[in-house]
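Engineer: Following this message is one structure expressed as structure tokens.
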Amino acid sequence: MDTPVVDAPDCRPQWPASVLAKAANIRLIALDVDGIMSDGKVYFSASGDELKAFNILDGLGLKQLMAAGITVAVITGRRSPLTEKRMTDLGIPYLLQGREDKRTALLEIVDLLGIPASDIAYMGDDLPDLPALRYAGLGITVPNSYWLLQEHADYCTRNRGGDGAVREACDLILASQGKLDTALAPYLETYLKPARGAERAL
């Protein structure tokens, strides 16, 4: 049976204290799609069908976030059946498509939930996202975002959009609220649990 490596290096990410302090209040995270949940590229087939790729790492992170009681919303300027299917598969309760005014769309969700700006995180990568990012208590962007977003964001992820950036943001929020270890525990417990029948063999 494999045993854990005791002297393995600590690969756990570290975040600035100021960012962790803001993330500790978050009860809602709203996300853009293209450039955040995807790499920002949209492919079209000869027949006009749209294709885009979503990162599986991000999907599990969002599920962990929702399981921890954080509400997830997605606001996108484009309309896409692919986006609708992906968000439905993930169980994301709020999806607003075709909304170029991201701040107004975010405020509609805020009015429904009654959550103050200080308890909201927004993650976006281009100019239409900037008003919503600045409104939110925690503004997050990615390294492949437009430079002005990086100037105004509270935190820029190490991973690029579509390449695990959303998962990084999920871990940040969970860690700031002391919930990350709880989210990871079931996977570690399974790994550390002796193989069936191993006790009898000793």
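Engineer: Quantify, in whole percent, the carbon and sulfur part of the accessible surface of the chain (1.4 Å probe; protein heavy atoms only).
Structural biologist: Percent of accessible area from carbon and sulfur atoms in the chain: 54.
Engineer: Also, I was wondering about something else. If each residue of separation counts as 0.36 nm, what is the full-extension length gain between Arg134 and Lys63 once their alpha-carbon separation is subtracted?
Structural biologist: 23.0 nm
Engineer: Within the chain, what is the number of lysine pairs with alpha carbons under 22 Å apart, leaving out pairs fewer than eight places apart on the same chain?
Structural biologist: Taking the chain as the scope, the lysine pair count is 13.
Engineer: How much of Cys170 can a 1.4 Å solvent probe reach, expressed as accessible area in Å² and rounded to 10?
Structural biologist: 0
Engineer: Can I ask one more? Taking the solvent-accessible surface of protein heavy atoms with a 1.4 Å probe, what is the per residue accessible area of the chain in Å²?
Structural biologist: 54
Engineer: For an R0 of 35 angstrom, estimate the FRET efficiency from the Cβ-Cβ distance between Leu188 and Thr104 and round to the nearest 0.05.
Structural biologist: 0.25
Engineer: While we're looking at this one, here's another question. Could you sort Asp34, Asp126, Asp10, Asp181 by their accessible area in this structure, using a 1.4 Å probe and putting the largest first?
Structural biologist: Asp10, Asp181, Asp126, Asp34
Engineer: Next question, about the same structure. Could you give the length gained on full extension between Arg79 and His152, defined as 0.36 nm per residue of separation minus the Cα-Cα distance, in nm?
Structural biologist: Additional length available on full extension: 23.6 nm.
Engineer: Which order do Phe44, Phe54 take by accessible area at a 1.4 Å probe, largest first?
Structural biologist: Phe44, Phe54
Engineer: Distance in nm between label sites at Ser18 and Asp181, each 7 Å beyond Cα in the beta-carbon direction?
Structural biologist: In this crude spin-label approximation the distance works out to 2.8 nm.
Engineer: For an R0 of 25 angstrom, estimate the FRET efficiency from the Cβ-Cβ distance between Val42 and Thr88 and round to the nearest 0.05.
Structural biologist: Computed FRET efficiency for Val42 and Thr88 comes out at 0.80.
The values are calculated or read from the model by the stated rules, or taken from the named source; none is laboratory data. Model, not experiment: these values are computed from the prediction. Every residue, glycine among them, receives a Cβ derived from its backbone with ideal geometry; neighbour counts consider all protein chains shown. Ligands, DNA and RNA are stripped out before the accessible areas are found, and what is left, the full protein with its side chains, is counted by its heavy atoms. Shrake-Rupley method; radii C 1.70, N 1.55, O 1.52, S 1.80 Å.
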